[in-house]
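One structure is given below, encoded as C-alpha coordinates.
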Amino acid sequence: MSAQELLAEIQKLPPEEQRRLLDALARGTDGQEPRSQQPVTEDEVEQILLAKGIISEIPARMFDDEEECYEPIEVPGKPLSETIIEERR
(Lines give C-alpha, C1' and ligand atoms only; values in the text may rest on other atoms or scores of the structure.)
Protein backbone atom coordinates (compact mmCIF):
# COMPACT_ATOMS: atom_id res chain seq x y z
CA MET A 1 0.00 0.00 0.00
CA SER A 2 1.42 3.37 -0.97
CA ALA A 3 1.62 6.34 1.36
CA GLN A 4 -1.16 8.10 -0.57
CA GLU A 5 -3.46 5.09 -0.23
CA LEU A 6 -2.68 4.83 3.45
CA LEU A 7 -3.48 8.52 4.00
CA ALA A 8 -6.75 8.13 2.11
CA GLU A 9 -7.73 5.22 4.38
CA ILE A 10 -6.79 7.16 7.51
CA GLN A 11 -8.92 10.11 6.40
CA LYS A 12 -11.91 7.77 6.20
CA LEU A 13 -11.60 6.99 9.92
CA PRO A 14 -13.74 8.88 12.46
CA PRO A 15 -11.91 11.73 14.25
CA GLU A 16 -11.57 9.77 17.51
CA GLU A 17 -9.90 6.86 15.69
CA GLN A 18 -7.58 9.29 13.90
CA ARG A 19 -6.58 10.77 17.29
CA ARG A 20 -5.86 7.32 18.73
CA LEU A 21 -3.79 6.46 15.67
CA LEU A 22 -1.85 9.72 16.00
CA ASP A 23 -1.19 8.98 19.69
CA ALA A 24 0.00 5.47 18.84
CA LEU A 25 2.34 6.83 16.16
CA ALA A 26 3.67 9.45 18.58
CA ARG A 27 4.49 6.72 21.13
CA GLY A 28 6.43 4.82 18.51
CA THR A 29 7.05 1.14 18.25
CA ASP A 30 8.37 0.79 21.80
CA GLY A 31 4.99 1.84 23.27
CA GLN A 32 6.50 4.51 25.49
CA GLU A 33 4.99 7.92 25.94
CA PRO A 34 6.30 10.53 23.51
CA ARG A 35 9.30 12.52 24.68
CA SER A 36 9.00 16.22 25.21
CA GLN A 37 10.46 18.42 22.53
CA GLN A 38 13.48 19.13 24.75
CA PRO A 39 16.79 18.18 23.16
CA VAL A 40 18.42 14.99 24.41
CA THR A 41 21.34 15.65 26.73
CA GLU A 42 24.71 13.98 26.38
CA ASP A 43 24.04 12.01 29.57
CA GLU A 44 20.74 10.70 28.16
CA VAL A 45 22.45 9.63 24.93
CA GLU A 46 25.08 7.75 26.91
CA GLN A 47 22.40 6.01 29.00
CA ILE A 48 20.49 5.00 25.85
CA LEU A 49 23.65 3.63 24.21
CA LEU A 50 24.52 1.72 27.38
CA ALA A 51 20.99 0.27 27.70
CA LYS A 52 21.02 -0.90 24.07
CA GLY A 53 24.42 -2.53 24.51
CA ILE A 54 26.10 -0.30 21.95
CA ILE A 55 28.69 0.75 24.54
CA SER A 56 29.82 -1.34 27.50
CA GLU A 57 30.55 1.56 29.85
CA ILE A 58 30.14 5.30 30.02
CA PRO A 59 33.52 6.99 29.47
CA ALA A 60 34.92 9.27 32.16
CA ARG A 61 34.28 12.95 31.64
CA MET A 62 36.90 15.56 30.95
CA PHE A 63 37.03 18.06 33.79
CA ASP A 64 35.92 21.62 33.08
CA ASP A 65 39.31 23.10 33.91
CA GLU A 66 40.90 20.88 31.25
CA GLU A 67 38.40 22.14 28.70
CA GLU A 68 39.09 25.75 29.66
CA CYS A 69 42.85 25.28 29.24
CA TYR A 70 42.44 23.86 25.73
CA GLU A 71 44.03 26.01 23.05
CA PRO A 72 44.22 24.95 19.40
CA ILE A 73 47.65 24.63 17.84
CA GLU A 74 48.42 27.37 15.36
CA VAL A 75 49.83 26.19 12.05
CA PRO A 76 51.35 28.43 9.38
CA GLY A 77 49.62 28.81 6.05
CA LYS A 78 46.05 28.94 4.87
CA PRO A 79 43.24 27.57 7.02
CA LEU A 80 42.50 23.90 6.34
CA SER A 81 38.93 24.72 5.32
CA GLU A 82 40.18 26.92 2.48
CA THR A 83 42.54 24.19 1.28
CA ILE A 84 39.72 21.63 1.23
CA ILE A 85 37.45 23.98 -0.76
CA GLU A 86 40.22 24.64 -3.32
CA GLU A 87 40.91 20.93 -3.76
CA ARG A 88 37.24 20.19 -4.37
CA ARG A 89 37.13 22.59 -7.31
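The values are calculated or read from the model by the stated rules, or taken from the named source; none is laboratory data. This structure is a prediction, so every number in the text was calculated from the model and none was measured. Methodologically, a virtual Cβ is constructed for each residue, glycine included, from the backbone with ideal geometry; neighbour enumeration extends over all protein chains shown.
Observations on the structure shown:
- Residue within region 22-31 that is modelled with pLDDT under 75 and of a type in the set (Asp, Glu) present: yes
- Across region 3-19, the number of residues qualifying as modelled with pLDDT of 80 or more and surrounded by 11 or more Cβ atoms within 10 Å (Cβ to Cβ) comes to 5.
- Check on Val40, of a type in the set (Val, Ile, Thr), modelled with pLDDT of 75 or more, within 20 Å of the chain's Cα centre (by Cα) and not in a loop (DSSP other than H, G, I, E, B): no
- Pairs meeting the criteria (first residue in region 39-66 and among the small types (Gly, Ala, Ser), second residue modelled with pLDDT of 80 or more and outside any loop (DSSP other than H, G, I, E, B), beta carbons under 8 Å, at least 6 apart or on different chains) are Ser56/Leu50.
- Only residues that are surrounded by 10 or more Cβ atoms within 10 Å (Cβ to Cβ) and modelled with pLDDT of 80 or more were counted across region 43-77, and they come to 10.
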